[in-house]
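The values are calculated or read from the model by the stated rules, or taken from the named source; none is laboratory data. Small disclaimer: the values here were computed from a predicted structure and weren't measured. Ideal geometry is used to build each Cβ from the backbone, glycine not excepted, and the neighbour counts take in all protein chains shown. The protein model used for the area step is the full one, side chains on, heavy atoms only, and it has no ligands, DNA or RNA in it. Shrake-Rupley method; radii C 1.70, N 1.55, O 1.52, S 1.80 Å.
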Protein chains: 2
Amino acid sequence: MLKNVQYMEKPEEEDLKQRLKRAREKLAGQQMLLKDHKVPVLVLVEGWGTAGKGSLIGDLIQNIDPRFFKVAPMDRPSEEEQRKPFLCRYFSKIPEAGKFMFLDSGWMDELTGMCLHGGISQKTYEQRIDSIRRFERQLTDNGYLVIKFFCHISQKEQKKRIKELTGNIDTKWRVSEDDRWQNKHYEKCELVFDRYLEDTHAPSAPWYVIDAKSQKWAELQALEILTQGIEIALQNQSLAVPLLQNVFPLVKMPKLSEIALDQTIEEGEYKSELKRLQSQLQELHNRLYRMKVPVVILYEGWDAAGKGGNIKRITEALDPRGFEVHPIASPEPHEKARHYLWRFWTRLPKTGHIAIFDRSWYGRVMVERLEGFCSENDWKRAYNEMNEFEKELHDWGAVIIKFWVQIDKDTQLERFENRRDTPEKRWKITDEDWRNRAKWDVYEEAVDEMIEKTSTSYAPWHILESVDKKYARIKALKIVIEEIQKALKE
Amino acid sequence: MLKNVQYMEKPEEEDLKQRLKRAREKLAGQQMLLKDHKVPVLVLVEGWGTAGKGSLIGDLIQNIDPRFFKVAPMDRPSEEEQRKPFLCRYFSKIPEAGKFMFLDSGWMDELTGMCLHGGISQKTYEQRIDSIRRFERQLTDNGYLVIKFFCHISQKEQKKRIKELTGNIDTKWRVSEDDRWQNKHYEKCELVFDRYLEDTHAPSAPWYVIDAKSQKWAELQALEILTQGIEIALQNQSLAVPLLQNVFPLVKMPKLSEIALDQTIEEGEYKSELKRLQSQLQELHNRLYRMKVPVVILYEGWDAAGKGGNIKRITEALDPRGFEVHPIASPEPHEKARHYLWRFWTRLPKTGHIAIFDRSWYGRVMVERLEGFCSENDWKRAYNEMNEFEKELHDWGAVIIKFWVQIDKDTQLERFENRRDTPEKRWKITDEDWRNRAKWDVYEEAVDEMIEKTSTSYAPWHILESVDKKYARIKALKIVIEEIQKALKE
């Protein structure tokens with residue numbers, strides 16, 4: 001790409017000024033349209049050291065009201081960030097609907113840096129490329145405008161800039177060791193950059209190479225490409241996108257109606273088992289912590305199935321400094337304004353920690369599907385998106401445990417009535433619970449489809465038969481222990 | 001992809017039957033919707049020999065009215081087809097808006113076949129992959145639904161089928177040498193197929209791998225994927241797509257207003273030059289023919305600029321068996337119903353032949369742009385699409401000569417008035433010519449943009465100053481001769 005790239009033709013000074021003026025006004029005018037159409041815009045600015053990425057962003061944002069944009073300079077990942085999945089710190093930065101996010105270098109810089117400075121195998125490189133493609137595709141599939149700039153300068157120009165910047169006491173700090181290294185190994189860098197650009201040049205999120213030799217000219221190129229991209233995004237409302245074939249290994253699961261629910265456990269056995277398993281889990285939690293294995297546990301299930309009590313029996317065994325429970329209700333406005341997985345990406349545990357989700361991203365294919373909170377294309381696409389998400393977690397080394405807490409309709413009624421009739425339990429039952437209950441059959445169909453399509457070998461669903469809640473608790477503990485043991489043995 | 005592919009879960013016999021019934025009815029019901037929404041559907045069926053590609057297509061079309069579909073079994077390219085660009089025979093098969101085209105293997109089979117049976121360098125492979133990506137992207141960008149199936153069977157299954165088919169006198173003919181070869185070199189084929197699938201798996205035209213072990217089950221998978229794809233395509237009306245950065249080398253061109261038009265040629269010189277150049281061209285045409293170099297010449301220019309007379313001076317020198325002139329008017333209904341480049345792809349010359357286009361694909365960014373016959377996104381995208389198209393022609397080895405025949409506004413008026421006032425010339429002037437003349441300024445702007453954005457180094461525009469038509473004729477002849485000579489020398 002770099003070898004063949006052809007910039008727009010650089011205009012004469014006077015023409016450049018006029019076009020800059022027009023483009024700046026155009027961008028300023030597009031702000032409110034983006035807001036009205038709820039289109040989020042992610043602008044990734046990558047490029048050579050000293051190519052002027054920061055200045056370019058500085059120029060672009062002059063035209064945008066501060067309420068509508070953010071800028072994130074992405075340095076090398078912090079220690080905390082290194083304990084999250086590769087893409088986590090980028091996903092957490094995605095803009096809200098109707099707003100801009102400018103990233104001063106990002107996932108390209110991180111990955112090509114790893115390629116150039118060793119420590120990455122071909123296999124890992126390819127895995128990262130897959131992750132990045134999926135990430136960008138998930139964004140554009142979900143209505144994001146993703147504009148990717150690469151600021152290009154020649155080796156000679158870079159050398160000149162390094163010399164000039166270094167020669168001045170006020171600008172010396174702006175030249176990094178890496179900039180110097182790049183200039184010395186320009187051709188090698190160019191090969192790595194070029195391969196990356198080719199590998200991630202997608203029709204829906206293409207690369208734009210900017211001639212960064214002069215700042216005003218770079219600004220004009222970026223402005224014209226950006227405003228044109230916005231214009232196109234504004235034309236596309238509630239776009240539907242092709243549903244991809246599942247490429248993840250699935251395990252066969254029963255339908256809910258096929259699950260026997262007559263399991264029980266005797267009180268004495270329950271107590272002794274609970275004690276034994278909890279102390280085993282406690283010991284494992286310490287080892288997890290030392291071995292830096294992250295664990296993600298999520299609970300889904302019918303109302304009144306006993307999720308809360310089940311979670312409690314797990315957390316009782318855990319060191320409070322090493323886990324967090326995330327109760328998931330309907331999204332806050334700032335969450336709703338982003339990709340639906342954003343609020344989960346930003347709640348991931350660090351390595352060695354445990355995150356427990358009381359309800360989860362699977363709301364997309366249950367409540368959001370059935371209540372019409374997202375389009376049909378959205379929820380149909382979500383099975384794959386969630387498998388992709390969990391694949392990221394798996395590749396990062398996480399243990400993923402997904403529980404479906406199952407009861408029958410009569411048991412639910414019994415528990416609802418008990419809650420209704422017991423004053424101190426009454427807060428636990430709402431009108432919404434009754435309304436959901438009325439839709440049991442359509443929910444059951446949706447749950448069957450969800451379990452069928454998202455039981456991957458690396459993140460299968462586990463059914464907890466919870467008519468006898470105690471039985472379900474013991475089963476959950478056993479599964480958690482078993483899965484953690486497996487991970488620690490690997 | 002093949003290694004990781006996960007099929008949908010195969011249902012039990014009874015369930016399969018019911019789902020087949022539903023899917024067939026759904027496809028039948030979608031026919032009229034596709035017609036109403038004018039969506040063209042291209043279904044490419046690739047896969048292993050004996051995997052049942054033909055039977056699958058046979059099953060699918062049972063649900064579609066014969067008025068709405070065509071099937072093209074793509075054999076190895078004929079000798080005639082081999083004298084056209086690689087993609088030509090595929091482009092010529094694209095369906096009309098609202099109709100289906102089923103291709104029984106296609107560009108994948110052709111390219112992977114070349115990989116497997118030698119005779120293709122890594123460089124050519126990559127060039128073809130680029131061509132294919134552009135081809136598929138041009139289709140989906142222009143509103144085509146492109147569904148790509150790969151029918152997958154195991155080596156064992158293939159072996160079994162070959163044995164069974166060969167054992168029966170009636171089916172013996174269905175096993176080709178290539179099928180046997182594939183089965184013997186299954187792993188090698190799998191690698192090549194897999195690389196190809198990865199290389200061409202685009203978000204807008206993804207691959208779907210079909211488990212082709214049982215015919216009914218394969219039909220169900222294909223039907224469900226196809227109907228789902230149609231459903232999604234129907235939701236997207238007049239989609240706008242990102243405009244890609246130009247990656248083709250451009251040459252700098254003057255604006256029309258900067259072109260001096262005072263050149264003339266003296267009558268005596270004209271006559272002797274014409275004679276000399278025409279006989280030179282005649283001789284070159286013979287050599288072109290022998291060397292099998294194809295030539296594409298196109299003329300654009302103002303009304304009454306003298307295109308016809310200019311073309312005549314070229315063709316006078318040519319052997320009528322080796323050239324064709326294509327006058328391009330507004331598209332016929334069957335042409336309008338397809339990608340706008342279709343009527344040009346299907347008019348390409350064979351190697352060794354010359355095609356002269358009197359007006360051309362550039363109508364997209366002139367009349368179609370200015371009269372609103374296509375959307376803004378359409379014509380803005382077209383510069384790149386036409387550069388891509390001409391790149392295909394160039395890579396195929398064609399000489400591409402593009403003429404803009406230039407006159408000034410006063411000269412046009414003089415010629416219009418002369419036509420109007422001369423009875424035998426009156427047919428040459430229409431009301432539309434006068435209407436177009438009234439829009440001279442916006443046309444001039446569009447022509448300037450066209451010339452700037454599509455003067456690639458491999459297919460630059462040549463300006464013919466045609467106030468003195470004779471001067472323009474001599475200049476055209478010289479350019480044609482020079483360009484052909486360059487190509488013959490290479």
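Output the residues belonging to the range A:221-232 that are among the β-branched types (Val, Ile, Thr) and either at the interface with chain B (Cβ under 7 Å from one of its Cβ atoms) or out of contact with any Lys or Arg (no Cβ under 7 Å at 6 or more places or on another chain) (or both). Break it down stepwise before answering.
Within the range A:221-232, the first condition is being among the β-branched types (Val, Ile, Thr), and the residues that meet it are A:225, A:227, A:230, A:232.
Passing the criteria: A:ILE225, A:ILE230, A:ILE232.
Using the structure shown, decide if A:VAL405 is under 30 Å from A:LEU243 (Cα atoms) and either charged (D, E, K, R) or out of contact with any Gly (no Cβ under 7 Å at 6 or more places or on another chain) (or both).
On the way: under 30 Å from A:LEU243 (Cα atoms): yes; either charged (D, E, K, R) or out of contact with any Gly (no Cβ under 7 Å at 6 or more places or on another chain) (or both): no.
In short, no.
Which of the residues spanning the range A:205-220 are within 13 Å of another protein chain (Cβ to nearest Cβ) and among the acidic types (Asp, Glu)?
Initial filter on the range A:205-220 (within 13 Å of another protein chain (Cβ to nearest Cβ)): A:205-211.
Across the range A:205-220, the qualifying residue is only A:ASP211.
In this structure, is B:ILE400 on the phi < 0 side of the Ramachandran plot and in contact with a His (Cβ under 7 Å, 6 or more places away or on another chain)?
Here the answer is yes, as B:ILE400 does meet what is asked.
So which pairs qualify, if the first residue must be in the range A:233-256 and closer than 28 Å to B:PHE149 by Cβ and facing chain B (nearest Cβ under 7 Å), the second must be among the aromatic types (Phe, Trp, Tyr) and in a loop (DSSP other than H, G, I, E, B), the Cβ gap must be under 9 Å, and the two must be at least 6 apart or on different chains?
A:GLN245/B:TYR7; A:ASN246/B:TYR7; A:PHE248/A:TYR458; A:PRO249/A:TYR458
Kindly indicate whether any position in the range A:178-194 is within 14 Å of chain B (Cβ to nearest Cβ) and out of contact with any helix residue (DSSP H, G or I) (no Cβ under 6 Å at 6 or more places or on another chain).
Here is the first cut: in the range A:178-194, the ones within 14 Å of chain B (Cβ to nearest Cβ) are A:194.
Going one step further and asking which of them are out of contact with any helix residue (DSSP H, G or I) (no Cβ under 6 Å at 6 or more places or on another chain), we end up with A:194.
Among the residues of the range A:178-194, at least one is within 14 Å of chain B (Cβ to nearest Cβ) and out of contact with any helix residue (DSSP H, G or I) (no Cβ under 6 Å at 6 or more places or on another chain), which makes the answer yes.
If you go through the range B:412-432 one residue at a time, how many are surrounded by 12 or more Cβ atoms within 10 Å (Cβ to Cβ), at pLDDT below 90 and under 24 Å from B:GLU368 (Cα atoms)?
Qualifying residue count for the region: 3.
What single numbered condition from (1) open to solvent by 20 Å² or more (accessible area, probe 1.4 Å); (2) away from chain A (no Cβ under 14 Å) fails to hold for B:ALA202?
With (1) open to solvent by 20 Å² or more (accessible area, probe 1.4 Å); (2) away from chain A (no Cβ under 14 Å) applied to B:ALA202, the lone miss is (2).
Considering only helices (runs of 4 or more DSSP H) fully contained in the range A:272-375, which possess at least 3 residues that are out of contact with any Lys or Arg (no Cβ under 7 Å at 6 or more places or on another chain), open to solvent by 10 Å² or more (accessible area, probe 1.4 Å) and not hydrophobic (A, V, I, L, M, F, W, C)? Steps first, please.
Details: elements: A:307-315, A:333-336, A:342-345, A:367-370.
Correct list: A:307-315, A:333-336.
If I filter the range B:158-178 down to residues being within 15 Å of B:LYS53 (Cβ to Cβ) and at pLDDT below 95, which single residue comes out as surrounded by the most Cβ atoms within 10 Å (Cβ to Cβ)?
Result: B:VAL175.
Would you confirm, using the coordinates I've provided, whether B:ASN387 is assigned to a helix (DSSP H, G or I), polar (S, T, N, Q) and open to solvent by less than 10 Å² (accessible area, probe 1.4 Å)?
Numbers: assigned to a helix (DSSP H, G or I): yes; polar (S, T, N, Q): yes; open to solvent by less than 10 Å² (accessible area, probe 1.4 Å): yes.
Considered against the rule, which asks whether it is assigned to a helix (DSSP H, G or I), polar (S, T, N, Q) and open to solvent by less than 10 Å² (accessible area, probe 1.4 Å), B:ASN387 comes out as yes.
B:GLN263: touching a residue at least 40 places away in the same chain (Cβ under 8 Å) and surrounded by fewer than 19 Cβ atoms within 10 Å (Cβ to Cβ), yes or no?
Taking the combined requirement at face value, the residue satisfies it.
Can you pull out every residue in the range B:479-490 that is over 17 Å from B:ILE259 (Cβ atoms) and not in a loop (DSSP other than H, G, I, E, B)? Walk me through how you get there before you give the answer.
Going residue by residue through the range B:479-490, those that are over 17 Å from B:ILE259 (Cβ atoms) are B:480-490.
Hits for the range B:479-490 are B:VAL480, B:ILE481, B:GLU482, B:GLU483, B:ILE484, B:GLN485, B:LYS486, B:ALA487, B:LEU488, B:LYS489.
Would you check if there is a residue in the range B:143-157 being β-branched (Val, Ile, Thr), in a strand (DSSP E or B) and either modelled with pLDDT under 95 or in contact with a helix residue (DSSP H, G or I) (Cβ under 8 Å, 6 or more places away or on another chain) (or both)? Don't jump to the end; show me each part of the working.
Initially, the range B:143-157 is screened for residues β-branched (Val, Ile, Thr), giving B:146-147, B:153.
Within this subset, residues satisfying the condition of being in a strand (DSSP E or B) are B:146-147.
Still in the running and either modelled with pLDDT under 95 or in contact with a helix residue (DSSP H, G or I) (Cβ under 8 Å, 6 or more places away or on another chain) (or both): B:146-147.
Yes; the residues of the range B:143-157 include at least one that is β-branched (Val, Ile, Thr), in a strand (DSSP E or B) and either modelled with pLDDT under 95 or in contact with a helix residue (DSSP H, G or I) (Cβ under 8 Å, 6 or more places away or on another chain) (or both).
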